[in-house]
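The values are calculated or read from the model by the stated rules, or taken from the named source; none is laboratory data. Values in this document were obtained by computation on a predicted structure and should not be read as measured data. Note: ideal-geometry Cβ built from the backbone for every residue, glycine included; neighbour counts use all protein chains shown. The protein model used for the area step is the full one, side chains on, heavy atoms only, and it has no ligands, DNA or RNA in it. Shrake-Rupley method; radii C 1.70, N 1.55, O 1.52, S 1.80 Å.
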There are 2 protein chains.
Amino acid sequence: VRALVFDGRLRLERDRPAPTPAEGEALIRVLAAGICNTDLEITKGYMGFAGVLGHEFVGVVEQSPDGNWDGKRVVGEINCACESCEWCRRGLLNHCPNRTVLGIVGRDGAFAEYVTLPVGNLHEVPPTVSDTQAVFVEPLAAAYEILEQVTVRRDDRVVVLGDGKLGLLAAQVLADAGAECCLVGRHASKLELAQSLGLCVSEAAEIAEKSRGLVVDCTGSTEGLRQAMRLVEPRGTIVLKSTVAGDDGPNLTPVVVDEVTVVGSRCGPFAPAIAALAEGRVRVEELVAAAYGLDDGLEAMAAAAEPGALKVVLQITV
Amino acid sequence: VRALVFDGRLRLERDRPAPTPAEGEALIRVLAAGICNTDLEITKGYMGFAGVLGHEFVGVVEQSPDGNWDGKRVVGEINCACESCEWCRRGLLNHCPNRTVLGIVGRDGAFAEYVTLPVGNLHEVPPTVSDTQAVFVEPLAAAYEILEQVTVRRDDRVVVLGDGKLGLLAAQVLADAGAECCLVGRHASKLELAQSLGLCVSEAAEIAEKSRGLVVDCTGSTEGLRQAMRLVEPRGTIVLKSTVAGDDGPNLTPVVVDEVTVVGSRCGPFAPAIAALAEGRVRVEELVAAAYGLDDGLEAMAAAAEPGALKVVLQITV
C-alpha cells in the first residue's frame, strides 16, 4: 500500500505491506487525513518517531473483530492504552505510560491507504458530517478538552492567543460554550477568517493587562505564555496548549504573585467534537488551505509547513 | 525611632519620626520581626521599594481607633487593600491592585520600633504562642495557602522541594494535613533538622519520575520547577512558591503533554497558622538561626544572606 513514511527522511512508499490488525483492532481504509503541526515537528525529530505519519483521519472499517464495525465510517482516538496499568484503571487512558500513539509513538499512522486501531478507539461519523469535517474531529477534540478542564460560564471573558488552526477551533468552542471570547493573532488574513466565522478578534495591546479570567494559549510559541501572563487576572487561569522545543520558557514569577493557575491541555473527547460538527456549531471547512492526493504527500507536507498555513488535507482513497 | 531603612542603601536610622496611624489604623510597638528572603531581594532592587523593611513581626498595640485593640499582642497581614475596587468587593483583598504591602510596596515595614497597620489586618496572638513563634505566623500562613488552593487527602503522596525556611514549614503543614509528605533538599544540616521535626526526607533521585500527585516547589529557583515537572504524575498538581529574578524559566511542554496543573501560591490565611502554633502542630523555634537587636540590624541582614541560612530574628523592643 502507499504510505507517507518518516524514518529520519520523509518519503512516499508505494509498496509497503498492508498493516495487520492485532487482537481487538480494526483494519480501516483511510479516506482522508489532516496534516498537523505535530507531523511537521516529527519530521524535525520530535518524539524520535519512525514510521507512517498522521493521526487526524477519517476512514471506513474494512475488517473488525466481530464484524460489528465493518463498513462504518469512523474517526479514531489516537492514544492506544495498555488497559492494565494504574492509569488505565483510573480511567486516564490518554496518560497510560505504556500507550502507543497513532503516528506519534510506536504505532504507524494514517497517511496511508490502510491503518489499524483498537475498536475501542473508534467513533462512528454521522452522515451529516463530511469527510473533510471529520478530519477535524481530532484537533477539535483537543479544543473541547479545555471545557473538560476548566469551568466556562456564560459571559466569562476569555482570550484565545494564536490565530492558527487550534486557536480558530478553540475560540469557536469557547464562544459556543457562551463565553465572551476574543481571538488574538498576528495574521490579517486569519483574523479576517475568524471574523467571518463570527469570532471577535483583537490586538493583544487593546486588551487591558490582568483583565481576563481565562486565557488559552494556542500560539505554539513560548511568547504565548508570556502574553497570557500579562492578560490573565489575579487568581485567573491560563490553559496551555503550546508544546515547543527547547529547554527554556518564561519566568513564572507573575504566576506566583498573582496566584494564577496554569493548566496543561492535550488530547480531548471525540463525542462533543463530532456533535458540534454534526450540529454546525463549529465551522471547519473554512480552515482548509488545500487538499492533495497521497501521491503528492511530500508537496502537501511542504504546503503545511508554510508559515501561517491552515489545514492541509490528504485525500487518500475514495 | 530606630528603623532599618532601604532606599538604594541599607542603613539603620536612629531618629526617624514615629509613624502616624491613618484612619482605621493601629499604632503597634514591634516586639520582634523576622528577616525573609524578600527583604534580601528588596535590597537588590526587587519591587523598587524604598522605606522601612520588614513584614514578619509580632507587636503590642499602643493605640487603636476605638481603643479595643490597645495592649493586645498581635501579628498583622501584610496586604493593605483599598476595599473599594472590584477585587476587594470579590473578597480577594490580597490581590487588590491598589494595595500597599507592609515593607514591600508603598508602606513602611516592621524593622522599626513602631509600625502602623489597619486594624482589619491584625490577629491577636494567644498567650501559648511565644514572640519568636509569632514571627513565623506570616510565612506559615503562606504555607497554609497551599491547603486553600489544593485538596490534600490523607495519604496523598506529596513532595516538597527545597529545605529552606518555607520548605520546612510547607512540609510540616502538609504532613499535619495527613499527606505522606517527603522533603527534598540539598543541605545535610537542614535535612537532619527536618528529620528531627519528624519529616520524611529524600534525595530527588530516589523518587520515581512522574510518581507524585502533588509537588510543592519552595526552592526559590527555576530549577525547582524543572524538578517538579520530572516528579509530578500526569494530571497531577505543582504548587509554585518560588519567585525568581530574570526573564526565563523552564519550557512547560511537559506540563502540556502530561496535563499538569501549576498553581501559583503566595500569601495565606493567618488563622490556621496561629492555631497550628498554639496547638504545637507545627514547630518553628528550631528554624531560628540567630537573634539580633535592631542596633545590629545590618549584621542580622548579612547573617540572613548567608547561603542556606535559616530564620534570623530581630529582637526590637521588650
Please specify each residue of the stretch B:28-73 satisfying the condition of being polar (S, T, N, Q) and open to solvent by 40 Å² or more (accessible area, probe 1.4 Å).
B:ASN37, B:THR43, B:GLN63, B:ASN68
So which of A:LEU277, A:LEU298 is crowded, with 18+ Cβ neighbours inside 10 Å and not in a loop (DSSP other than H, G, I, E, B)?
A:LEU277
Right, B:VAL262: at the interface with another protein chain (Cβ under 9 Å from one of its Cβ atoms) and surrounded by 19 or more Cβ atoms within 10 Å (Cβ to Cβ) or not?
yes
Given the criteria more than 19 Å from A:ALA142 (Cα to Cα) and within 9 Å of chain B (Cβ to nearest Cβ), does A:GLU180 qualify?
no
Quick check: is even one residue across the stretch B:255-271 over 18 Å from A:GLY236 (Cα atoms), assigned to a loop (DSSP other than H, G, I, E, B) and in contact (Cβ under 8 Å) with a residue 60 or more places away in the chain?
yes
Could you check how many residues of the stretch A:238-259 are crowded, with 23+ Cβ neighbours inside 10 Å and β-branched (Val, Ile, Thr)?
3
Any helices (runs of 4 or more DSSP H) falling wholly within the stretch A:93-212 and containing at least 3 residues that are open to solvent by 40 Å² or more (accessible area, probe 1.4 Å) and modelled with pLDDT of 95 or more
A:137-149, A:165-176, A:188-196
Residue ID - farthest from A:CYS88 (Cα to Cα), chosen from residues in the stretch B:224-237 that are open to solvent by 40 Å² or more (accessible area, probe 1.4 Å) and within 12 Å of another protein chain (Cβ to nearest Cβ)
B:ARG226
How about the stretch B:149-173: which of its residues are within 14 Å of chain A (Cβ to nearest Cβ) and within 29 Å of B:PHE111 (Cα to Cα)?
B:GLY162, B:LEU166, B:ALA170
Counting only residues in the stretch B:280-295 that are in a helix (DSSP H, G or I) and of a type outside the set (A, V, I, L, M), the one farthest from the other protein chains (Cβ to nearest Cβ) is identified as B:ASP295
Candidate set: the stretch B:238-259, residues that are more than 7 Å from chain A (Cβ to nearest Cβ) and among the β-branched types (Val, Ile, Thr); chosen: the one nearest to the chain's Cα centre (by Cα):
B:VAL239
